[in-house]
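Before any comments, here is the structure.
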Amino acid sequence: MHQAMKQLDKKQFIKAMKKEWQDQLNDGKFSVVHHTNVPQGATVLPAVWQMKKKQCIKTRQIKKWKARLNIDGSRQKPGLHCGKTHAPVAKWNSMRTMLILSAVNNWHTKQLDFVLAFTQAPVDREIFMKMPKGFGM
């Protein structure tokens with residue numbers, strides 16, 4: 001975030017941050033809890049932003065500014081804040097094999113893009129995150 005805020009296009013990143021915040025709040029992915037209501041002894045983890053510029057492949061022009069709100073995973077303690085610390089991902093060799101098979105057999109393929117994919121997994125415990133700077137209720 002600090003790097004993005006030094007760029008000439010920082011206004012687009014701020015707009016993307018506001019959109020991410022509102023999308024997460026509207027989808028019920030989290031609720032805002034005043035710091036006085038956090039249970040005693042609970043760890044409040046810092047919030048971190050991931051910023052990215054999406055470009056059109058052919059023209060290399062920026063078509064979208066993205067901001068993702070995350071919890072700082074480096075501060076999580078296994079068993080307390082998280083269980084599994086990996087996500088199942090297909091290996092490139094498997095992907096290449098499937099694409100070759102579909103080309104050889106004239107199969108049709110489809111591409112999917114999951115919006116807010118990382119927030120789709122259920123969380124089986126309460127986790128508290130500090131409010132990102134500049135955001136409030």
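Throughout, read-outs are computed from the coordinates displayed, never taken from laboratory work. None of the values given here were measured: they were computed from a predicted structure. Neighbour counts are summed over all protein chains in view; Cβ atoms, including those assigned to glycine, are modelled from backbone coordinates with ideal geometry.
Please rank MET98, MET1, fewest neighbouring Cβ atoms within 10 Å first, as an exposure proxy.
Arranged by neighbour count, lowest to highest, MET98, MET1 become MET98, MET1.
For GLU126, GLU20, which order do you get if you count the other beta carbons within 10 Å of each Cβ and list the fewest first?
GLU126, GLU20
Taking the simple approach of a point 7 Å from Cα along Cα-to-Cβ for both ASN106 and LYS29, what is their distance in nm?
So the two model labels end up 4.3 nm from each other.
Please compute the contact order of the chain in relative form: average sequence separation of alpha-carbon pairs under 8 Å and at least six residues apart, divided by the residue count, as a percent.
RCO, the chain: 29 percent.
Kindly work out what percent of the DSSP beta bridges joining two residues of the chain are antiparallel, to the nearest 5.
Of the beta bridges lying entirely in the chain, close to 75 percent run antiparallel.
Rounded to the nearest 20 Debye, what is the dipole magnitude of the chain about its Cα centre when Lys and Arg each give +1 and Asp and Glu each give -1 at the C-beta?
With Lys and Arg at +1 and Asp and Glu at -1, about 780 debye.
Using a 10 angstrom cutoff on alpha carbons, build the Gaussian network for the chain and name the most mobile of GLN76, GLN111, GLN40.
Its mean-square fluctuation being the largest, the pick is GLN111.
Would you mind checking the tilt of helix 92-104 against the longest principal axis of the Cα atoms of the chain, expressed as 0 to 90 degrees and rounded to 10?
Once rounded, one gets 40 degrees.
Which lysines, on any chain, are close to LYS15 with Cα under 23 Å apart, when same-chain ones fewer than 8 places away are left out?
Those lysines meeting the cut-off are LYS6, LYS29, LYS52, LYS53, LYS54, LYS63, LYS64, LYS66, LYS130, LYS133.
Give the angle, between 0 and 90 degrees and rounded to the nearest 10, that separates the Cα long axis of helix 10-26 from the longest principal axis of the Cα atoms of the chain.
80 degrees
I want to verify a result. In a Gaussian network model of the chain, Cα cutoff 10 Å, which of these has the top mean-square fluctuation: ILE57, ILE14, ILE100?
ILE100
Go ahead and run the numbers for FRET between TRP92 and GLN3, Cβ-Cβ distance against an R0 of 30 Å, rounding to 0.05.
Calculated value: 0.55.
Taking loop as defined by DSSP and a crowding limit of 16 other beta carbons within 10 Å, which chymotrypsin sites (Phe, Trp or Tyr not before Pro) in the stretch 26-74 fit?
Taking the stretch 26-74 and a limit of 16 other Cβ atoms within 10 Å, the loop chymotrypsin sites (Phe, Trp or Tyr not before Pro) found are PHE30.
Taking the dipole about the Cα centre of the chain, with the C-beta of Lys and Arg at +1 and of Asp and Glu at -1, give me whichever of PRO46, CYS56, MET17 is farthest to the positive side.
In the chain, that residue is CYS56.
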